[in-house]
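The structure under discussion appears below in the form of structure tokens.
The values are calculated or read from the model by the stated rules, or taken from the named source; none is laboratory data. Quick caveat: nothing in here was measured; it's all calculated off a predicted structure. Positions of Cβ are generated from backbone atoms using ideal geometry, with glycine treated the same way; all protein chains shown enter the neighbour counts. Side chains are part of the model used for accessible areas, which takes the heavy atoms of the whole protein and leaves out ligands, DNA and RNA. Shrake-Rupley method; radii C 1.70, N 1.55, O 1.52, S 1.80 Å.
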Amino acid sequence: SQTIHQWPATLVQPVGSPLSLECTVEGTSNPNLYWYRQAAGRGLQLLFYSVGIGQISSEVPQNLSASRPQDRQFILSSKKLLLSDSGFYLCAWSVRTGMYFGPGTRLTVT
Amino acid sequence: DQQVKQNSPSLSVQEGRISILNCDYTNSMFDYFLWYKKYPAEGPTFLISISSIKDKNEDGRFTVFLNKSAKHLSLHIVPSQPGDSAVYFCAAGGSNYKLTFGKGTLLTVNP
């Protein structure tokens, strides 16, 4: 069966510091991968998606970036965090008619 | 432009009764729809989906209804249980493998 891992589970970072969140998927090959963010009181916002290694599509302008160095690895990064980057970050993978989420990372920028 | 709307931010229901969660969409290119349940500090869990070629899909206590002409779908939970208390997200997808989510509805089932 497929499993999706995210780490860390929680993170507190000061403004201006870098960020690296990692996501890995097991039990499938060539998945579509996604990063979503849930900000306080808001829905799930798609940040990035990837249909293959090195292929990244950005949905919203921001100071975040994503990379997919391996088939089942998806990384969310920032060089300098902003207060507005606080939120709950979710990695997901999909098949044709379904999307499955990881456990999420709670990021607090102070 | 919000393509998927959940107009009720919250809903409160008595245990044993029916919970009805509503969702509207504007993009006629969406051809499949999903419902997710989310507890605080956890990732959303897939509940049930429906393709645009159907108008109803049932799985245990959960039934999703789709009205394409009205661009409306709903999730029915019968009977509601206290463990169903969570945020429910409606999502819609098309041919590009991306999902667009609503803002969610907080369901509270009272014992």
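This table checks each residue for (1) more than 10 Å from chain A (Cβ to nearest Cβ); (2) open to solvent by 60 Å² or more (accessible area, probe 1.4 Å).
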{"residue": "B:Q2", "(1), (2)": "no, yes"}
{"residue": "B:P9", "(1), (2)": "no, yes"}
{"residue": "B:I18", "(1), (2)": "yes, yes"}
{"residue": "B:Y25", "(1), (2)": "yes, no"}
{"residue": "B:F33", "(1), (2)": "no, no"}
{"residue": "B:I50", "(1), (2)": "no, no"}
{"residue": "B:K54", "(1), (2)": "yes, yes"}
{"residue": "B:D59", "(1), (2)": "yes, yes"}
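A quick yes/no check of all residues on (1) farther than 19 Å from A:L82 by Cβ; (2) among the charged types (D, E, K, R); (3) surrounded by 13 or more Cβ atoms within 10 Å (Cβ to Cβ); (4) free of Cβ contacts under 8 Å to residues at least 12 places away in the same chain:
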residue: A:Q6; (1), (2), (3), (4): yes, no, yes, no
residue: A:T28; (1), (2), (3), (4): yes, no, yes, no
residue: A:N32; (1), (2), (3), (4): yes, no, yes, no
residue: A:F48; (1), (2), (3), (4): no, no, yes, no
residue: A:I53; (1), (2), (3), (4): yes, no, yes, no
residue: A:L64; (1), (2), (3), (4): no, no, yes, no
residue: A:Q70; (1), (2), (3), (4): yes, no, no, no
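Take residues that are at the interface with chain B (Cβ under 10 Å from one of its Cβ atoms) and under 14 Å from the mean Cα position of the chain (by Cα) and tell me which of the strands (runs of 3 or more DSSP E) falling wholly in region A:46-105 contain 2 or more. Write out each step before concluding.
Numbers: elements: A:55-58, A:64-70, A:73-78, A:87-95, A:98-101.
Passing ranges, in order: A:87-95, A:98-101.
Only one residue in B:V78, B:V64 is surrounded by fewer than 18 Cβ atoms within 10 Å (Cβ to Cβ) and of a type in the set (V, I, T), so which one is that?
Details: B:V64 fails: surrounded by fewer than 18 Cβ atoms within 10 Å (Cβ to Cβ).
Exactly one residue qualifies, and that residue is B:V78.
Would you mention how many residues in region A:26-45 are within 11 Å of chain B (Cβ to nearest Cβ), more than 20 Å from A:G16 (Cβ to Cβ) and in a loop (DSSP other than H, G, I, E, B)?
Of the residues in that region, 4 qualify.
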